[in-house]
Amino acid sequence: MIVPKSFVILVLLNSLMCSDALIGNDLSNRIKSAISQATKQIELLRIQSKVPGVSVGVSYRGEEIWADGFGFANLESGTPCTSRSLHRIGSITKPVSMLLLGKLLEENRLDLDRTIYDYLGDKFPRKTFNGNEVNITLRQLVSHMGGIRHYLSDTEFYQKVGCDSIYESLNYFKDDPLIAEPGTEYHYSSFGYVTVGAVLQSVLTENETFESAMLSILKNQLGMRETFFDEVSEILLNRISNYQLNEENQLEIAPFVDESCRWPGGGLLSNVHDLLKFGNVMIDSNKTNNGFLTKATVDKLWDKVVPIGATDIFNTFYGMGWQLLERKSTDCSECETVPFSYAVGHSGGSSGAIAYLVIVPEEEMVVSLLTNVSPVPPLIEVGIDIMSTFIEYVNQADYSREGEDSHGNAISTNSKMVPLFVLTIFFIGNLLRDF
């Protein structure tokens with residue numbers, strides 16, 4: 001019997017698509033398994049740390065593969081927490097602010113190594129240390145090495161009175177003495193980032209503010225339309241309620257705070273969808289010069305400027321607005337439990353909120369965790385665990401990995417399909433030759 005050529009081609013092409021689908025289904029099933037495991041981790045977190053609500057998001061190679069909410073956005077009304085819930089992200093605002101700084105650097109409107117007095121003039125008083133006049137540079141400020149202090153008390157952390165401009169924000173600390181000589185010691189400082197914001201403001205046009213320039217980038221250029229500055233008077237869809245654990249380990253309403261005096265270092269509201277977008281903007285920019293920022297700029301932001309500590313598994317550093325994790329290679333019995341060698345991210349703490357964002361560039365994976373309680377939970381550990389869970393499950397389905405040199409960047413469905421495609425074309429050619 002003679003078989004029509006079109007029928008043979010159709011059958012073979014269908015087998016190609018079926019093979020692709022099988023690989024895709026395997027990855028999909030493994031992602032479902034990762035979600036199931038991560039769900040257990042989040043529910044355990046909620047029970048152990050009395051967390052009212054958690055939002056979680058995970059993306060892989062630019063695609064959002066999981067976003068969900070657990071518990072309550074508001075305990076009094078029973079409103080559920082969802083992936084759209086709008087959380088305070090605290091100091092995750094710092095790396096987000098680096099988007100504006102990076103753009104201004106690329107436009108040659110800023111110089112990291114010029115003294116901030118060149119930008120601020122008499123808006124910021126000249127500083128001395130040990131009786132000697134010193135300079136402070138933008139590079140030092142973004143790495144927390146400018147010598148400017150952090151909050152001194154709960155009164156400063158839970159600030160009740162707002163500011164009308166970023167220059168007004170300087171009044172709360174600009175006259176205080178430095179706590180270290182600039183460039184010599186790491187001292188985490190949100191007031192240092194207020195100073196960074198003032199420098200950025202100084203090079204913007206007359207009609208721009210730090211806030212308007214930031215929102216233009218986030219909403220108009222990056223599509224982060226559910227990210228806002230935490231204006232206390234604004235009515236915002238999906239804004240959650242915030243809680244804290246008191247000395248008796250009981251939940252209560254978190255203290256009121258007005259974040260408008262520290263916009264650049266801790267003033268944003270966002271959800272996991274937008275933070276995943278942000279993480280992928282950084283990954284894309286790190287891979288190519290066609291991203292929002294150039295690769296050279298991201299390399300500067302992610303450079304290890306200063307060591308800031310260590311855990312059992314990671315050595316930790318601070319770059320420019322980013323916390324960096326580097327897995328220990330020696331004397332680390334637990335290191336094999338973490339299936340990645342390097343990550344970037346940031347944590348955030350606000351009144352009634354703890355947040356964490358972590359990115360593993362080699363895997364092109366982003367995890368975002370947002371809660372509505374403080375001062376616990378241990379969100380960094382949970383974020384790392386969830387990241388590890390997803391990498392382990394996804395890598396089992398990624399047939400492109402052939403040794404450590406792949407760095408997780410090849411698309412799994414293509415590596416098997418290339419030889420299969422070549423063999424199929426060869427097979428079709430032989431069949432058609434017999435017709």
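The values are calculated or read from the model by the stated rules, or taken from the named source; none is laboratory data. Here the structure is a predicted model, which means the values were calculated and not measured. Note that we place each Cβ from the backbone using ideal geometry, even for glycine, and neighbour counts take in every protein chain shown. All accessible areas refer to the heavy atoms of the entire protein, side chains included, with ligands and DNA or RNA removed. Shrake-Rupley method; radii C 1.70, N 1.55, O 1.52, S 1.80 Å.
Here are the numbers for the structure shown:
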read-out	value
Lys/Arg +1, Asp/Glu -1 at C-beta; segment 177-308 dipole; positive extreme among Ser260, Thr195, Gly279	Gly279
Nearest-ten-degree value, helix 93-106 long axis tilted from longest Cα axis of the chain	90
Exposed GluC sites (Glu not before Pro) absent - longest run of the chain, DSSP non-H/G/I/E/B, at most 11 other C-beta within 10 Å	108-205
Helix 5-49 axis, angle to the chain major axis (alpha carbon atoms, nearest 10°)	30
Accessible area of the chain divided out per residue, in Å², using a probe of 1.4 angstrom	46
Where Phe70, Phe256 fall by accessible area, highest first, once all protein chains stay in place (1.4 Å)	Phe256, Phe70
Dimensions (Å) - the chain, Cα atoms, principal axes, largest first	97, 51, 51
Carbon and sulfur %, accessible surface of the chain computed with the full protein complex present, 1.4 Å	52
Three semi-axes of the equivalent ellipsoid, segment 165-311, Cα gyration tensor, whole Å, largest first	26, 23, 20
Assigned charges on the beta-carbon of Lys, Arg, Asp, Glu; the chain dipole about Cα centre (debye)	940
For segment 313-386, size of Cβ-based charge dipole, Lys and Arg +1, Asp and Glu -1, in debye	300
DSSP-assigned coil residues among chymotrypsin sites (Phe, Trp or Tyr not before Pro) in segment 86-152, each with at most 13 further Cβ atoms within 10 Å	none
In degrees, nearest ten, helix 379-397 long axis to first principal axis of the chain (Cα)	20
Pairwise centroid distance, computed over Cα atoms, of segment 300-376 with segment 230-290, Å	18
Debye, to nearest 20: dipole size of segment 51-121, +1 on Lys, Arg Cβ, -1 on Asp, Glu Cβ	120
Dipole axis of the chain (+1 Lys, Arg; -1 Asp, Glu on Cβ), positive-most option in Gly121, Leu251, Met214	Met214
Accessible area (Å², 1.4 Å probe, nearest 10) - Trp263	10
For Thr330, net neighbour charge (Lys/Arg +1, Asp/Glu -1) across residues whose Cβ lies under 15 Å away	-3
